[in-house]
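Working notes for the structure below.
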Amino acid sequence: MADRPASVRINDFEEVDTGLTPDEAIAEAERCLQCKKPLCVKGCPVCIDIPAFVHAVAEGDFRGAARTLKEQNMLPAICGRVCPQETQCEGACVLGIKETPVRIGALERFVADWERQEGAELPEVARPTGKRVAVVGSGPAGLTAAAGVARAGHAVTIFESLHEAGGVLTYGIPSFRLPEDVVRAEIDQVLALGVRLKKNHLAGRSVSIDELLGYDAVFLATGAGLPVFMGIPGENRNGVYSANEFLTRVNLMHADAFPGFDTPVLHGARVAVIGGGNVAMDSARVARRMGAKVFLVYRRREEDMPARKVEVSHAREEGIEFVTCTNPIRILGEECVIGLECVEMSLCDLDESGRPSPEPIPGSEFIIDVDMVIQAIGTGPNPLLVSLIPGLERGRRGNVVVDDNGRTSIPHVYAGGDIATGAATVIEAMGSAKRAAAAMNAMLKGE
Amino acid sequence: MKRLYRVELAIKLADRVYEYWIRAPQVAQHARAGQFLILRLHERGERIPLTISAVRGDAVRVIFMAVGKTTQELATLRAGDSIMDVAGPLGRPSEIARYGTCCVVGGGVGIAGTPLIAEELKRAGNHVIGIIGARSADLLVLEDEMRGICDELYVTTDDGSRGAHGFAADVLKRLLGERVIDCVWIIGPAIMMKITSGVTAPYGVKTYVSLNPIMVDGTGMCGSCRVTVGGETKFACVDGPEFDAHQVDFVELMQRQRIYTGQEKISLERYAEHQCRCGEGGGSHG
Ligand SMILES: Cc1cc2nc3c(=O)[nH]c(=O)nc-3n(C[C@H](O)[C@H](O)[C@H](O)COP(=O)(O)OP(=O)(O)OC[C@H]3O[C@@H](n4cnc5c(N)ncnc54)[C@H](O)[C@@H]3O)c2cc1C
Ligand SMILES: Cc1cc2nc3c(=O)[nH]c(=O)nc-3n(C[C@H](O)[C@H](O)[C@H](O)COP(=O)(O)OP(=O)(O)OC[C@H]3O[C@@H](n4cnc5c(N)ncnc54)[C@H](O)[C@@H]3O)c2cc1C
Ligand code: SF4
Ligand code: SF4
Ligand code: FES
């Protein structure tokens, strides 16, 4: 497994990491101690039987390994690539105490990629029960719940407002981290369980609330796609994007290939990306691949960035310039952007997140010369559908309130993923969806 | 290639203006006045918003002007051809209520959005006055239909080739001076909406305009469609498209509509070249 050199990869959207060879995979799998009480499994929100699948890899039984993965996770090629393994399964692996943990994510990706090439096997599906389940949203939460409920024999319909399934996997995460064909293949496997996908259906508009609530169970997985803007002057100038818009134009609409594709996007020569999370890294690296000089403007220090360490170092290797301890205060220009005015921040006492809280330093204002600005400072729960459902309890930030099993304030309505938790991770969204699917299956059985 | 949404009827109404009926049951069954749809012609296509102009069974009507690449390519489709994606209905429906006397003003291709609003206002018990205007007689659409719906209909053309010589705003201004009008809708190009809503402001009449910023998803996820209304940023696709006209920052709207002028030109030139090489009607693609 190796990363392609930064100087090469900034010229394309091909995957950064080329994956393990079979020999490398077997050698890595052989490092596993096959713990009796495997800590790694506790670190996996979908409870993959990690020792079992790793053992199968060590034996060269890739088919068996794939079967074990699919028992708990229908999206292994995706998770193997984008899970924050360092804080999940690998973070818990006992080997990590003294040396490096087993590279569970890389092994998972290897097995899933192998299976995709060799032909995927489908897990068993129970006999039809005659019960109908509606899933709203086809991101990782919706797909996982749909698979879980379909395998119990219920008839599942997913409503997706966009013209492609996958949620953030499709419109947000760029292909150099998660290739489009990988996402599509795993979605197709979920659909092959008999799940119906209705694209171009915005629930609440194309499907009425009455129609939706008429299903025997409903799972809301509409995500946290509402972009947040900083609220600084000049934000509506031409050339200021939310990360969601910029990434959607490029990933979903292929605007980087304009005019071969019809959707345009601005090509900034000098681009400021505001934020320090995964979304900011992705935006910066996409802009870089489109030829820009990119400044990543973050109000705390590099070590405080919430993005995965590997993404931060990839971004650095690719020549992204980090402007830390800096906060934007104004976007300059008339019709178009001609600069970003910032102020330096000093880091004071720790705040409730345990990180130093940034305070502007008076008189330290300066201007970064840019012609485009991308704001990646966060997203909120998608308000549209959930605000239309009468009696659905929501939290202060607009998220749907659920219990551990995804139950909402309406008896047969469940929710999971980012709409319930606020922007989180793929695997947490899947974990919550799995628990909700189990609860829905139990409810539909009359338990 | 899977194409799902069939064109049932394709009619040329005027120079560069077309009326299309598209089968899209999920849109037709739920559409209300004031809403729009988003279509994508093929795998390489852009998502473009168009107002839902009428509904019949499982089909919806759109009326559009072929101004750029996507609308010109759409205009090459014939009955029986298909469109890859149609999503909707999108946006909040118009605020229909019993206001008393209402005026529904359409300018140019914006007239497309007037019949459904006029109809629903009528059904709610209002006295409905229609004012429709275009540059010239051959660009005036839906006159008969609007005459059938409205209690009164006024027609204007910029060049006087049909109806009164002048602008819809002139008629509106005269009516406001003569009698009480309780609520006004204005749909048309941004500059026309700006000028026309300026006429109602001194009278303090509640006035709605239907904004048309550049959109991508149309579901509130990207912020491409953001507009400033009453000093606050709103997303036209989910908070609108109709807003209180007197609060809208039209200058910003028009500025944001120009973001891609350069690219739009490239796209169109490339398309025109391609059309020449492939001959007329070679609209299939992707
Ligand atoms: C750029 C980016 C990079 C990220 N990188 C990582 C990463 O590396 N690792 C990681 O673990 N996480 C990452 N995340 C976070 C992760 O993608 C999300 O936590 C996860 O996708 C949430 O899944 P979900 O199913 O809840 O929602 P989403 O993936 O947001 O899917 C929601 C879906 O619902 C649809 N929808 C919404 N409303 C309606 C409606 N009314 N009717 C029909 N459909 C509707 C939307 O169109 C969308 O397809 C990243 C996020 C972004 C934006
Ligand atoms: C809610 C709404 C309803 C609309 N209803 C109608 C209608 O009923 N009839 C009609 O003829 N037009 C309507 N429009 C405008 C229509 O969407 C544009 O004319 C169309 O997108 C142009 O695409 P194009 O590729 O042919 O032209 P382009 O060359 O791409 O652009 C020409 C013009 O269209 C605007 N435009 C381009 N792309 C978009 C986009 N994705 N979203 C919005 N505007 C865009 C540009 O600002 C430019 O001024 C509506 C727009 C909105 C937002
Ligand atoms: S799904 Fe994610 S957390 Fe679970 S084992 Fe795989 S990589 Fe680790
Ligand atoms: S904790 Fe590490 S060593 Fe133990 S079973 Fe899990 S992967 Fe293997
Ligand atoms: S078009 Fe994306 S938020 Fe309105």
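Report for region B:82-192 the percent antiparallel among DSSP-assigned beta bridges with both residues inside it, nearest 5.
Counting only bridges with both partners in region B:82-192, antiparallel ones make up about 0 percent.
Determine the distance separating the Cα centre of region A:307-343 from the Cα centre of region A:1-27; give it in Å without decimals.
27 Å
Need one number: % antiparallel among DSSP beta bridges in chain B, to the nearest 5.
60 percent
Got the relative contact order for region B:5-90 handy, in percent, Cα pairs under 8 Å and 6 or more residues apart?
41 percent
Distance in nm between label sites at B:LYS265 and B:ARG78, each 7 Å beyond Cα in the beta-carbon direction?
3.5 nm
Using 10 Å bins from zero, what percent of all Cα-Cα pairs in the protein assembly as shown falls into each bin?
The calculated distribution, bin by bin, is 3, 13, 22, 25, 20, 11, 5, 1, 0, 0.
Set the Förster radius R0 to 51 Å, insert the Cβ-Cβ distance between B:GLN29 and A:LYS98 as r into 1/(1 + (r/R0)^6), and round the FRET efficiency to 0.05.
Here the calculated transfer efficiency is 0.20.
Hey, what do the phi angles of region A:367-374 turn into as Karplus ³J(HN,Hα) couplings, whole Hz, using 6.51/-1.76/1.60 and θ = phi - 60°, x for Gly and Pro?
10, 9, 7, 9, 10, 8, 10, 10
Cross-link candidates for A:LYS445: which lysines have Cα within less than 22 Å, leaving aside residues fewer than 8 places away along the same chain?
Output for A:LYS445: A:LYS131, A:LYS434.
I want to check the label-to-label distance for A:SER313 and B:LEU4. Put each point 7 Å from Cα in the C-beta direction and report it in nm to one decimal.
Result for the modelled spin labels: 4.3 nm.
As a footprinting exposure proxy, order B:ILE259, A:ILE338, A:ILE173, A:ILE419 by other Cβ within 10 Å, with the fewest listed first.
A:ILE338, B:ILE259, A:ILE173, A:ILE419
Using just the C-alpha positions of region B:146-191 as equal point scatterers, what log10 of I(q)/I(0) does the Debye formula give at each q in 0.15, 0.19, 0.24 1/Å?
Computed log10 I(q)/I(0) values: -0.45, -0.74, -1.12.
Relative contact order of region A:229-377, please, whole-number percent, based on alpha carbon pairs below 8 angstrom and at least 6 residues apart.
30 percent
Any chance you could give the angle, 0 to 90 degrees and rounded to 10, that helix A:180-191 forms with the longest Cα principal axis of chain A?
Rounded to the nearest ten degrees, it is 30.
For chain B, give the magnitude of the charge dipole about the Cα centre (Cβ charges: +1 Lys/Arg, -1 Asp/Glu; no others), in debye to the nearest 20.
Roughly 440 debye, rounded to the nearest 20.
If R₀ is 35 angstrom, what is the calculated FRET efficiency for the pair A:GLU352 and A:LEU388, using the beta carbon separation as r and rounding to 0.05?
E(calc), rounded to 0.05, equals 0.60.
Suppose we keep just the DSSP beta bridges with both residues in region A:229-377; what percent of those would be antiparallel, to 5?
Given both bridge residues lie in region A:229-377, the antiparallel proportion sits at roughly 45 percent.
How are the alpha carbon pair distances in region A:6-118 distributed across 5 Å bins from zero to the largest one, expressed in percent?
In whole percents, the pair-distance histogram is 2, 13, 24, 25, 19, 9, 5, 3, 0, 0.
Could you state the number of Å between the C-alpha centres of region A:352-383 and region A:134-158?
If you average the Cα positions of each part, the centres end up 37 Å apart.
Using Cα atoms only, what is the angle between the long axis of helix B:168-178 and the major principal axis of chain B, expressed in degrees (0 to 90) to the nearest 10?
Approximately 20 degrees, to the nearest 10.
Which far-off residues, 5 or more places away or on another chain, put their amide H under 5 Å from the one on B:ARG92, with H placed in the peptide plane?
B:GLY240, B:GLU242
Size of region A:316-407 along its principal axes in angstrom, Cα-based, largest extent first?
Principal-axis extents of the Cα atoms in region A:316-407, largest first: 49, 39, 32 Å.
Using square roots of five times the C-alpha gyration tensor eigenvalues, list the equivalent-ellipsoid semi-axes of region B:5-90 in whole Å, biggest first.
18, 14, 12
Using the crude model of +1 on Lys and Arg Cβ and -1 on Asp and Glu Cβ, and no other charge, please compute the dipole size for the protein assembly as shown relative to its Cα centre, in debye to 20.
Computed about the Cα centre, the dipole is about 1320 debye.
Quick one: which residues, 5 or more positions from A:ILE410 or on another chain, have an amide H under 5 Å from its amide H? H modelled 1.01 Å from N in the peptide plane, none for Pro or chain starts.
Hits under the 5 Å cutoff: A:GLU393.
Regarding region B:101-257, what are the three Cα extents along the principal axes, ordered largest first, in Å?
41, 32, 28
How tilted is helix A:140-151 with respect to the longest principal axis of chain A? Cα atoms for both, answer in degrees (0 to 90, nearest 10).
Here the helix axis deviates by roughly 10 degrees.
Quick one: Debye curve from the C-alpha atoms of region A:229-377, no solvent, what's log10 I(q)/I(0) at q = 0.10, 0.12, 0.15, 0.17 Å⁻¹?
Scattering profile of region A:229-377, log10 relative to I(0): -0.33, -0.48, -0.74, -0.93.
Could you tell me the distance between the Cα centroids of region B:81-137 and region B:200-258, to the nearest Å?
Here the two parts' Cα centres lie 17 Å apart.
In terms of modelled amide H atoms, which long-range or inter-chain residues lie less than 5 Å from the amide H of A:VAL240?
Counting only residues 5 or more places away or on other chains, the set is A:VAL373.
Using a 7 Å offset from the Cα along the Cα-to-Cβ direction at both B:GLU232 and B:ILE11, what is the distance between the two label points in nm, to one decimal?
4.2 nm
Grab the beta carbon distance between A:ASP12 and B:ARG147, set R0 = 41 Å, and tell me the FRET efficiency rounded to 0.05.
After rounding to 0.05, the efficiency reads 0.10.
Relative to the compact globular guide of 2.2 N^0.38 Å, what is the alpha carbon radius of gyration of chain B, as a ratio?
0.98
The numbers here are math on the coordinates, done by the rules we state, and not lab data. Just so it is clear, the structure is predicted and the values come from calculations on it, not from any experiment. Reconstructed Cβ throughout: ideal geometry from the backbone, glycine too, with neighbour counts over all protein chains shown.
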